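Bear in mind that the values in this text are calculations on the coordinates, not laboratory data. None of these values were measured; they are calculated from a predicted model. Here the Cβ positions follow ideal geometry from the backbone for every residue, glycine too, while neighbour counts run over all protein chains shown.
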Amino acid sequence: DQQVKQNSPSLSVQEGRISILNCDYTNSMFDYFLWYKKYPAEGPTFLISISSIKDKNEDGRFTVFLNKSAKHLSLHIVPSQPGDSAVYFCAAYHTGNQFYFGTGTSLTVIP
Amino acid sequence: DSGVTQTPKHLITATGQRVTLRCSPRSGDLSVYWYQQSLDQGLQFLIQYYNGEERAKGNILERFSAQQFPDLHSELNLSSLELGDSALYFCASSGPTSYNEQFFGPGTRLTVL
């Protein structure tokens, strides 16, 4: 039962351009969404989050957009840098319940 | 460095065996989570402990068990191991001021031969 889906296993972007990573979910009860970044041989690290009462949250080069009616969120990275090359996981939960993670999207930023 | 430690880093064992994975949460964090990441899979939630008590259970097999000790470290026990149990096992912790954010350890890579 994959409640959080990342349908693009990989994405390649030129340095300086925008990276857009997408995530879909099925459970309308989710009230918090997060993005994690993972480098090889390391655990995931928290990147940015958004509450379900918002539709946008921005932190430097990273912006997360939430479209509740479409049950869709996206992470925008502008401008993309080679150091952003990693696997990005989207996650969701509703208070008092477990976290659900997507399968990840591997981003490659080409210098 | 997230502040979450996991040991061992790598573990190679045979089918039918039993192993124990250990996790020490960040200082002050009361919640510990265990996740399994198999090849090309996302992070599958296994179980959560909060201050020694089981808080939530995910897709954890009956052959697997976990506990959180009074000093808040946690252990994940995997028994009657099968080839399909080969995976990365991550532990994460969160605290009263970071309940929306989990801090992950570097993981334990388990290989069952």
What per residue convex hull volume, in Å³, do the alpha-carbon atoms of the protein assembly as shown yield? 121
Mind checking the mean number of beta-carbon atoms from other chains within 10 Å of the Cβ atoms in A:98-109? 4
Antiparallel bridge percentage (DSSP; both residues within the stretch A:5-111; nearest 5): 90
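In peptide A:34-42, what is the residue-averaged number of other protein chain Cβ atoms found within 10 Å of each Cβ?
The shielding value for this peptide is 3.
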How long is the gain from B:His73 to B:Ser38 if the chain were fully straight, where each residue apart is worth 0.36 nm and the alpha carbon distance is subtracted? 10.2 nm
How far is it, in nm, from the label point at B:His10 to the one at B:Tyr50 when both lie 7 Å from their Cα along the line to the Cβ? 3.8
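Measure up B:Lys9/B:Lys57; A:Lys71/B:Lys9; A:Lys56/B:Lys57; A:Lys38/A:Lys71 against 27 Å on the Cα-Cα distance and list the ones that go over.
Going by Cα-Cα distance, A:Lys71/B:Lys9; A:Lys56/B:Lys57 fall outside the 27 Å limit.
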Please report, to one decimal in angstroms, the Kirkwood hydrodynamic radius of chain A built from all distinct Cα-Cα pairs. 13.9
Work out the P(r) tail for the stretch B:60-113: percent of alpha carbon pairs separated by more than 18 Å, whole number. 43
Contour excess over end-to-end distance, with Cα ends at A:Ala41 and A:Ile53 and 0.36 nm allotted per residue: 0.9 nm
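What FRET efficiency comes out for B:Thr20 versus B:Glu101 if R0 is 25 angstrom and r is the Cβ-Cβ distance? Round to the nearest 0.05.
0.40
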Which of B:Gly3, A:Thr103, B:Leu43 sits farthest toward the positive end of the charge dipole of the protein assembly as shown, with +1 on the Cβ of Lys and Arg and -1 on the Cβ of Asp and Glu? A:Thr103
Chain A, Gaussian network, Cα under 10 Å: of A:Gly43, A:Gly16, A:Gly60, the residue fluctuating most is A:Gly60
Considering the options B:Ala14, B:Gly107, B:Gln67, tell which one lies farthest towards the positive end of the dipole of chain B, charges being +1 on Lys and Arg and -1 on Asp and Glu at the Cβ, about the Cα centre. B:Ala14
